[in-house]
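As structure tokens, the structure follows; a few thoughts come after it.
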Amino acid sequence: MPIILQNAMTPIVAYRIAQSMDLGPIQASSYEYVLSGNGVFLRASRTGLAITLPIAACEVRNLSPLEPKLELEYGSVPSHLLARILHLARKAAAEEPCEALFHLSHTGAEWQLEVPPQVQTKGSVEPLDSGPESSYARALIEIHSHHQMPAKFSSIDDQEERGFRIFGVIGCIWERPQIRFRVGIFGQFIEVPARWVCEMPTEIHDCIEEI
């Protein structure tokens with residue numbers, strides 16, 4: 001009787017138990033859940049970004065605890081780019097309140113800020129081009145502004161912010177500017193401190209200082 005060999009398939013999502021703090025490579029093509037001594041963590045990686053972040057806190061005896069971690073391969077975004085985003089957000093809303101959209105990607109030498117052609121309204125903003133050659137496709141970090149409104153992600157943001165990247169929203173741009181960051185992993189969102197993502201200008205306040 002012939003022997004039929006089956007290729008091992010990498011699962012889209014994996015489920016693991018933390019027997020030690022060194023988990024090794026991620027064992028799924030999209031992300032994996034890990035039950036650890038201090039809760040359930042989500043792990044994912046893509047070019048330029050790897051995360052190990054908690055989604056539920058609990059104590060599980062005899063399992064190794066994990067440390068929350070966000071790793072940017074290219075280092076933190078320089079503060080001058082965040083200051084530039086604030087300036088452009090103010091410029092976009094100078095005549096009437098409207099949102100603005102910004103993409104941050106890395107060229108291999110430095111971080112690059114791009115302002116894509118976009119449709120702006122008081123309560124939403126979207127790029128005109130999201131094709132494979134667009135700044136949307138290149139972006140590792142996407143930030144949009146909320147003019148005078150607080151830096152909070154809306155239900156519209158939850159619907160529109162797909163894929164695996166870092167998302168930011170900057171708000172209260174005229175009085176006391178504030179920013180909020182989260183990692184989006186295929187429709188799941190975990191907020192992270194801004195200092196994990198960028199060098200902070202003194203005039204911008206981080207809404208999430210601890211995780």
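Taken together, the values in this text are just the output of simple stated rules run on the coordinates, not laboratory data. This is a predicted model, so every value here is computed, not measured. No Cβ is skipped: glycine too gets one built from the backbone with ideal geometry, and neighbour counts run over all protein chains shown.
Setting aside same-chain residues fewer than 8 positions from Lys122, which lysines have a Cα under 17 Å from its Cα?
Lys91, Lys152
Region 152-211: percent of C-alpha pairs farther apart than 18 Å?
That tail contains 33 percent of the Cα-Cα pairs.
Using a/c under 1.5 as the rounded threshold, could you call region 13-72 rounded, prolate or oblate? The axes a ≥ b ≥ c are square roots of the C-alpha gyration tensor eigenvalues, and prolate needs a/b larger than b/c, oblate otherwise. If you can, show how the numbers build up before the last one.
Numbers: a/c = 1.93, a/b = 1.64, b/c = 1.17.
Prolate, because a/c is 1.5 or more and a/b exceeds b/c.
Return the calculated 222 nm mean residue ellipticity for the chain, to the nearest 500 deg cm²/dmol, obtained by summing -39500 (n - 2.57) across DSSP H runs with n ≥ 4 and dividing by the residue count.
Rounded to the nearest 500, it is -3000 deg cm²/dmol.
Counting other Cβ atoms within 10 Å, which GluC sites (Glu not before Pro) in region 112-160 have at most 14 and lie in a DSSP loop? Don't skip to the answer; put the middle values down first.
Details: sites: Glu114, Glu133, Glu142, Glu160; in loops: Glu133.
Answer by residue number: Glu133.
Would you mind checking which residues have amide H under 5 Å from His205's amide H? H placed 1.01 Å from N; only 5 or more apart, or other chain.
So His205 has HN proximity to Gln178, Ile179.
Find the centroid of the Cα atoms in region 34-59 and in region 90-119, then give the distance between the two in whole Å.
The two parts, judged by their Cα centres, are 30 Å apart.
To check you understand DSSP bridge types, tell me what percent of the beta bridges within region 79-206 (both residues inside) are antiparallel, rounded to 5.
Details: 24 of 31 bridges.
Of all bridge pairs located within region 79-206, approximately 75 percent are antiparallel.
Using Cα-Cα distances under 8 Å and only pairs 6 or more residues apart, what relative contact order does region 70-211 have, in percent?
Working: 295 pairs, mean separation 30.0, N = 142.
That works out to 21 percent.
Could you work out how far helix 79-92 tilts from the main Cα principal axis of the chain, as a 0 to 90 degree angle to the nearest 10?
The two axes meet at around 50 degrees.
Apply the a/c threshold of 1.5 to the C-alpha gyration tensor of region 89-197 and tell me whether it is rounded, prolate or oblate.
rounded
State the extension gain, in nm to one decimal, for the chain segment bounded by Ala56 and His87, taking 0.36 nm per residue of separation less the distance between their alpha-carbons. If you can, show how the numbers build up before the last one.
Numbers: separation 31, 0.36 × 31 = 11.16 nm, distance 3.70 nm.
Net length gain for the segment: 7.5 nm.
Could you tell me how far the Cα centroid of region 144-166 sits from the Cα centroid of region 182-197, in Å?
Their Cα centres are 11 Å away from one another.
Please compute the modelled spin-label separation between Glu133 and Tyr15, points set 7 Å along Cα→Cβ, answer in nm with one decimal.
4.4
Dimensions of the chain along principal axes (Cα, Å, largest first)?
Per principal axis, max minus min of the Cα coordinates gives 75, 43, 35 Å.
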